[in-house]
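This report concerns only the one structure given below.
The values are calculated or read from the model by the stated rules, or taken from the named source; none is laboratory data. None of these values were measured; they are calculated from a predicted model. So basically every Cβ, Gly included, is an ideal-geometry build from the backbone, and we count neighbours across all protein chains shown. Note: areas computed on protein heavy atoms with side chains; ligands, DNA, RNA excluded. Shrake-Rupley method; radii C 1.70, N 1.55, O 1.52, S 1.80 Å.
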Amino acid sequence: MRSLLACCLLALLTVSSKADDRPNVVVMLCDDIRWNALSCAGHPHLKTPNIDRLAAEGIYFENMFCTTSLCSPSRATILSGLYAHAHGVTNNFTDYPADLDSFPRRLQESGYQTAYIGKWHMGEKSDEPRPGFNHFVTHKGQGSYFDTEFNFNGKGRRVVPGYYTTVVTDMSIEWIDQHRSENDSKPFMLMIGQKAPHSFYFPEPKYEHTFDDVEVNYPHSSFKLDDKPEWITQRLSTWHGIYGPIFDWRKEFPNDKASGVVDFARMVRAYWGTILSIDDSVGRLVDHLKATGQLDNTMFVFMGDNGLLEGEHGMVDKRTAHEASARVPMIIRYPRWTKESGPMRIKQQVLTTDVAPTILDAAGADQLTKIHGSSIKPLISGDDSQWRTEWLYYYNYEKQFPYTPNVRSVRGDRFKYIRYPHGDGSPDRHMAELYDMQNDPAESTNLINDPSHQQTIAEMEQRLLRAMKAVGLAPGTDTMPIDAGIGTALPDKAIR
């Protein structure tokens, strides 16, 4: 008969073995990065060798989307696996509810050491620690590309000199090393909230002039608006239009002259420049994990919170259901899941709701309940029999940024249907949109008035209702603001 001491030792060894077997998790969350702003995504000018290496060794998601293209709602969805109406963060001024479950909380409860370093961007006026993290370093509001003041675990604030992307990477590597020295028997989860490439765009000095010789013009779609709803044309000269101030890169506006493209080009080049520092950051983190023997036992997730319109349909910023706004990059390097298959590309439509259950699945932690997302693990084995073939995108009109109507959209594997409800139950006052994503991925031709697609429109209307019902938005429960029309005034400086 085993002694009590022997049994206790065996139990401890078993727990230790399980802890050692669980992967570390690193999530790098970029702000406003477009799905194609990487060389591995085919960008003609950006070179991102370190991010490309993740894709070459891991899982590249060809059709990854956010469910609301707005920073705070999307970040809350990533943490919770829920749509905005369910988690409650429906705008950029609401903090993540303190009593709402999240994947960091589940990991922390299962024995992980958890950390968040960088831009939190939920509850802009608070830089205090949030539940679910053992280590929490952030700042109020947007932060600055240079010399940001950070709050360290709620114990004190200080300005950290240097470029934001480099600074949060330094702090992340320092925390990883501290974790190894103090809690080496426990796995860790580190989320890094990068500011880049969010406006206003200020590249690191070494990248300020990298793209000076690259010609940049307004996209062709900027001038093909006859078949688009009128609000898109009305948006051209606003804060979110190509003829407006374009995030302060244009001082005299509106400017619809041909010469105005010079300011637009300067803005786009600066946006690209900030991404080069992100790639450096990925390289430093990967190299450090490799040098310390942790890389292959780490799930490394690189992703964005939402996309960004770079002049498509005459628009900048995000919020709309168009591809450049709703589509985001995501790459996961996790050798345990690709040991047999090797590097792979996932074509199925994956959403920000799927991030939390995917990470918890890899970590062997208890899943979040009653959420809208699913782990992508079945897709790794090629089983998409239960995977979505349609999904809901939505956005609610904001009085602080009155440049986009209420949006309700369903995207299938081929067609995308977008409507713009007024908000009071009356008929829509904006033309709807229908795009054949298979034959027209640039959304250049709106088919909503095409007689040959009327049956498709009727089907997509039903699919939209079905997609809404699937996430708890049955008829009569979908509340939204009243669309007060496209505004022309600039937003308050404090919230830009």
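Phi-derived couplings, Karplus 6.51 cos²θ - 1.76 cosθ + 1.60 at θ = phi - 60°, listed residue by residue for the stretch 320-329: 7, 8, 5, 3, 4, 7, 8, 8, 10, x Hz, with x used for Gly and Pro. Remark: spin-label model distance residue 339-residue 56 equals 2.4 nm, labels positioned 7 Å along the Cα→Cβ axis.
Across the chain, the relative contact order, built from alpha-carbon pairs under 8 Å that are at least six residues apart, equals 21 percent. Is the C-alpha gyration tensor of the stretch 350-496 telling us rounded, prolate or oblate? Criteria: a/c under 1.5 is rounded; beyond that, a/b larger than b/c is prolate, otherwise oblate. Because a/c hits 1.5 or more and a/b fails to exceed b/c, the stretch 350-496 counts as oblate. For the chain, with only Lys/Arg (+1) and Asp/Glu (-1) charged at the beta-carbon, what is the dipole magnitude about the Cα centre, in debye rounded to 20? Roughly 860 debye for the chain. Expressed as a whole percent, the accessible surface of the chain that belongs to carbon and sulfur atoms is 51, based on a 1.4 Å probe.
Per residue, the chain reaches -8500 deg cm²/dmol at 222 nm when only DSSP H runs of four or more residues are counted, each adding -39500 (n - 2.57).
Between residue 466 and residue 386, the simple label model (points 7 Å from Cα in the Cβ direction) yields a spacing of 1.9 nm. How about the stretch 209-255: which trypsin sites (Lys or Arg not before Pro) there are in a DSSP loop, with at most 16 other Cβ atoms within 10 Å of their Cβ? Qualifying residues, ordered by number: 224, 251.
In this rough spin-label picture, where each label sits 7 Å from Cα along the Cβ direction, the residue 47-residue 438 distance is 3.9 nm. Relative to the longest principal axis of the Cα atoms of the chain, helix 71-80 runs at roughly 40 degrees.
Over 29 Å apart at the Cα level, from the set 224/251; 224/318; 257/493; 47/347; 206/257; 125/469, are 206/257; 125/469. Applying 0.36 nm per residue to the separation of residue 424 and residue 234 and subtracting their alpha-carbon distance, the gain on full extension is 66.2 nm. Which entry is the computed Cα extents along the principal axes in Å for this structure: [x] 70, 52, 43; [y] 83, 50, 40; [z] 76, 52, 47? Comparing each candidate, only [y] matches the computed number. Among the chymotrypsin sites (Phe, Trp or Tyr not before Pro) within the stretch 77-171, those in coil by DSSP and having at most 15 neighbouring Cβ atoms inside 10 Å are 93.
On a 0 to 90° scale, report how tilted helix 4-21 is relative to the longest principal axis of the chain, with both axes built from alpha carbons and the result rounded to the nearest 10. Approximately 30 degrees, to the nearest 10. Work out the FRET efficiency for residue 182 and residue 458 from their Cβ-Cβ distance, taking R0 = 56 Å, and round it to the nearest 0.05. It comes out at approximately 0.35. A simple packing score, the average count of other Cβ atoms within 10 Å per residue, orders the peptides 103-111, 283-291, 348-356, 59-67 as 348-356, 59-67, 103-111, 283-291, with the highest score first.
For the stretch 129-208, the list of GluC sites (Glu not before Pro) that fall in a loop by DSSP and count at most 13 other C-beta atoms within 10 angstrom reads 208. Accessible surface computed residue by residue for the chain, with neighbouring protein chains in place and a 1.4 Å probe, gives 41 Å² per residue.
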